[in-house]
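The next block holds one structure in the form of structure tokens; read it before the comments.
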């Protein structure tokens, strides 16, 4: 989806790490100017679970 400089991209990502697995959806929100990505915001369906998967407190 595009609205001016903003582009919203639905994503699905999977991963395995240290015996754990992750399968999650989210949305990446990009700001595009002059054909270049100048800003990115990433939103996952469950930020707490994603942080735990990556070992973040």
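Bear in mind these aren't lab numbers, they're just calculated from the coordinates by the rules spelled out. All of these numbers come straight from a predicted model, not from anything done at the bench. Note that we place each Cβ from the backbone using ideal geometry, even for glycine, and neighbour counts take in every protein chain shown.
Sorted by mean Cβ packing within 10 Å, highest first, what order do the peptides 31-40, 4-13 take? If you can, show how the numbers build up before the last one.
Details: 31-40: 9.6, 4-13: 11.4.
Highest-to-lowest ranking by the protection proxy: 4-13, 31-40.
Gain in length, residue 31 to residue 56, computed as 0.36 nm per residue apart minus the alpha-carbon separation, to one decimal in nm?
Numbers: separation 25, 0.36 × 25 = 9.00 nm, distance 2.66 nm.
Here the segment from residue 31 to residue 56 would lengthen by 6.3 nm.
What value does the chain have for Rg/Rh, both radii from Cα atoms and Rh as Kirkwood defines it?
Values: Rg = 13.9 Å, Rh = 12.7 Å.
Over the Cα atoms of the chain, Rg/Rh equals 1.09.
Starting from the Cα-Cα distance between residue 3 and residue 42, subtract it from 0.36 nm times their residue separation and give me the gain in nm to one decimal.
Between residue 3 and residue 42, full extension yields an extra 12.3 nm.
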